[in-house]
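Worksheet: one structure, shown below.
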Amino acid sequence: MTATVERAPTEGATGSKRSRILMKGNEAIAEAAIQAGCDAYFGYPITPQAELLEWMARRMPELGRVFVQAESELGAINMGLGAAATGARVLVSSSSPGMSLMAEAMSYMAGSQTPIVLVNVMRGGPGLGSIGPSQSDYFQAVKGHGHGDYKVPVLAPASIGEAVELVATAFELAERYRTPVILLADGILGQAMEPIEPQFRHPPRQEFDWALTGADGRPPRVLRSLHLLPERLEEHNNVLQAKFREIARNEVRWAGEQLEDADLAVVAYGTAARIAHSAMRKARQEGIRVGLFRPITLWPFPEPQLRELASRPTAMLVVELSAGQMVEDVRLAVEGRCPVAFHGRTGGMLPTPDEVLAELRRLDATVRAGGAT
Amino acid sequence: MTAVATPPRVIASRPELLTDRSTHYCPGCGHGIIHRLLAEVLEELELAPRTIAVAPVGCAVFAYDYLQLDWVEAPHGRAPAVATGIRRVRPDSFVLTYQGDGDLAAIGTAEIIHAAGRGELITAIFVNNGIYGMTGGQMAPTTLLGQHTTSTPTGREAGAAGFPIPMTEMLAILPGVTYAARGSVSDPPHIGKTKAMIKRACKAQLDGAGFAIVEILSNCPVGWGMTAVESMEHLSEVEKVYPLGVLVDRSAPARQPAAAEGA
């Protein structure tokens, strides 16, 4: 469903009305992928991402592109592997339980350096869990997803508009670094509707010297992750690790708000950052100087930036829709330079801004009293 | 000395598609024969330049070292899904999977059945040697009743380990399957027939008719605890459980719904 809404020109704007469209998150992500030149989509129905698959089912054949509803998430991700091996731009989407099934092929693609974009619209877990919004797949996404020594870039939008932008970024990163990329959303981002400016990006195409197109007038190409000789596999892993270091150097993304004078920083991503933002404003009204640090790339994690922030006299509150996962990376980043507290809800339950505010008051009082958290 | 030497007459040679190297396969293994058949067929149909092949998990994962084609490795059993993705985005390519019986008949049953059910335009080469060779000779779904393996040390007994699964018969009933046949590498006449089956299965893809599969009964001398010659002779026992021949050959595409009778 889309509806066009007109926004009155703001003072200082160029004077022309900017057209915005109201879109559901799942559908906006799907359309952004189409606009980014996605050649093929493979999926399997699962709540709360089913609308993404349905959007693709209608739009991709309209455009003469590939859509297949697979027999399982295993089928979907491996169709993605095959299509991506030919150099096609491929999107696969699922939600938490489906992501577990996709972990196997993700490891193969990380090993064989096959680019693909994977969307996880997270729901409550473990197991079948719930269909409510959650951020409980943080560990799964940022610690590699499948077996073996690898990482993949993980992008975490906090709004539907940002999701649209990050879909294009995801394709760019995937192709630049020959790697799977995960867009980590949650049930709220997937299901909510927000007005967005339809400014879709269209990343340029490039020729790949690794893509399988048939050995016609050139030597055969093989996309593989198997290297039976330990020496060869270590050599291959060293290449991968060098690539991961390059990504960590170049691709950290984060956003900060009111951190300059902050005594306390809330660290949160995605939907949790929206809630934290409301809590921050309430706290400021009470005179508690709170800032917001929002990682946009969960891997590479904005570690140096957080460490620098922690060098100032401050304390941090991490807010997540989980029992506490990113908080471990925050603690690793700050290396004890400042106290780090945590507040989270699970199972599809959301922390309210007032809950977060109460935690901020408590943290503020503790810091003022000079105590530990 | 004015005699002119007559050049020797070439009656057999290595297909150019095969690399000039010895394989890692055990002495007497049937994979080498099947690789050669595939190379001959791809050359005869001039398909190599547009072929993208999918390698399995198992002994034959190294097929890419011997057949000079573009290859991608699939996770265990997922080759038909990988092939689906390739064929859908590159409709001009020729796509084949090369899979063993552990790969296709155990861990990859969902992928092979649904690729066949969709009538994907891919050709599956299914090598059935009734055992997990690479991992040291454990029971496969195709292992014969009574057969000794490292995981059925007293012989496969149906009560505990189930019955051999005739995958190709199961696939042949699906309307998306245009060609399904079973051959063997037990002796030269059977090898010749098997080559004809592979060729027909490749042409089915070229005709856009649907999914095609050739099951090839092969041997595993080491896994079976036999000499190479004994294992080839033993294939006649295997052929009693898995009869040879063409199971289905639907020449016309089966993609449109049948017209209502008398309408």
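With respect to being more than 10 Å from every other protein chain (Cβ to nearest Cβ), part of a helix (DSSP H, G or I), surrounded by fewer than 23 Cβ atoms within 10 Å (Cβ to Cβ) and modelled with pLDDT of 95 or more, B:G32 fits the description.
Go through the range A:166-206 and count every residue that is free of Cβ contacts under 8 Å to residues at least 60 places away in the same chain and among the charged types (D, E, K, R). Within the range A:166-206, residues that are free of Cβ contacts under 8 Å to residues at least 60 places away in the same chain and among the charged types (D, E, K, R) number 2.
When residues of the range A:85-105 are filtered for being farther than 23 Å from A:F208 by Cα and more than 10 Å from chain B (Cβ to nearest Cβ), how many remain?
Looking only at that region, the number is 11.
Scanning the range A:256-279 for residues that are closer than 28 Å to A:L183 by Cβ and in contact (Cβ under 8 Å) with a residue 60 or more places away in the chain gives A:V266, A:V267, A:Y269, A:G270, A:T271, A:A272, A:A273, A:R274, A:I275, A:A276, A:S278, A:A279. Look at (1) within 13 Å of chain A (Cβ to nearest Cβ); (2) at negative phi and you find that B:D101 fails only one, number (1). Selection over the range A:209-238 of residues that are surrounded by 15 or more Cβ atoms within 10 Å (Cβ to Cβ) and either within 7 Å of another protein chain (Cβ to nearest Cβ) or in a loop (DSSP other than H, G, I, E, B) (or both) gives a count of 12. Residue selection: B:P15 satisfies the criterion of being surrounded by 16 or more Cβ atoms within 10 Å (Cβ to Cβ), away from chain A (no Cβ under 14 Å) and out of contact with any Leu (no Cβ under 6 Å at 6 or more places or on another chain). Residues that are touching a helix residue (DSSP H, G or I) at 6+ places or on another chain (Cβ under 8 Å) and assigned to a loop (DSSP other than H, G, I, E, B) do occur in the range A:362-373, at least one of them.
Remark: pairs (first residue in the range A:106-133, more than 13 Å from every other protein chain (Cβ to nearest Cβ) and at negative phi; second residue among the basic types (K, R) and buried (at least 24 other Cβ atoms within 10 Å of the Cβ); Cβ separation under 9 Å; 6+ apart in sequence or on different chains) = A:S130/A:R123; A:I131/A:R123; A:G132/A:R123; A:P133/A:R123.
In the condition set (1) buried (at least 16 other Cβ atoms within 10 Å of the Cβ); (2) in contact with a Lys or Arg (Cβ under 7 Å, 6 or more places away or on another chain); (3) at pLDDT below 95, A:W299 is compliant with all but (3). Number of residues in the range A:181-195 that are more than 24 Å from A:E251 (Cβ to Cβ) and of a type in the set (V, I, T) equals 1. Give the number of residues within the range A:27-84 that are within 10 Å of chain B (Cβ to nearest Cβ), among the aliphatic types (A, V, I, L, M) and within 23 Å of the chain's Cα centre (by Cα). The qualifying residues number 8. Counted as qualifying within the range B:88-196 are the helices (runs of 4 or more DSSP H) with 3 or more residues that are surrounded by 20 or more Cβ atoms within 10 Å (Cβ to Cβ), namely B:109-117, B:167-172. Of all residues in the range B:49-62, those satisfying the criterion of being more than 7 Å from chain A (Cβ to nearest Cβ) and either within 15 Å of B:T19 (Cα to Cα) or in a helix (DSSP H, G or I) (or both) are B:C59, B:A60, B:F62. The strands (runs of 3 or more DSSP E) found entirely in the range A:29-148 that carry 2 or more residues being surrounded by fewer than 24 Cβ atoms within 10 Å (Cβ to Cβ) are A:66-69.
Regarding B:E120, is this residue closer than 26 Å to B:L47 by Cα and more than 9 Å from every other protein chain (Cβ to nearest Cβ)?
yes
Any idea which residue in the range B:63-87 is surrounded by the fewest Cβ atoms within 10 Å (Cβ to Cβ), counting only those that are in a loop (DSSP other than H, G, I, E, B) and more than 8 Å from chain A (Cβ to nearest Cβ)? Restricting to residues being in a loop (DSSP other than H, G, I, E, B) and more than 8 Å from chain A (Cβ to nearest Cβ), the top hit is B:H76.
The values are calculated or read from the model by the stated rules, or taken from the named source; none is laboratory data. In this text, all values refer to a predicted model and were calculated from it rather than measured experimentally. Don't worry about glycine lacking a Cβ; one is built from the backbone with ideal geometry, like all the others, and counts go over all protein chains shown.
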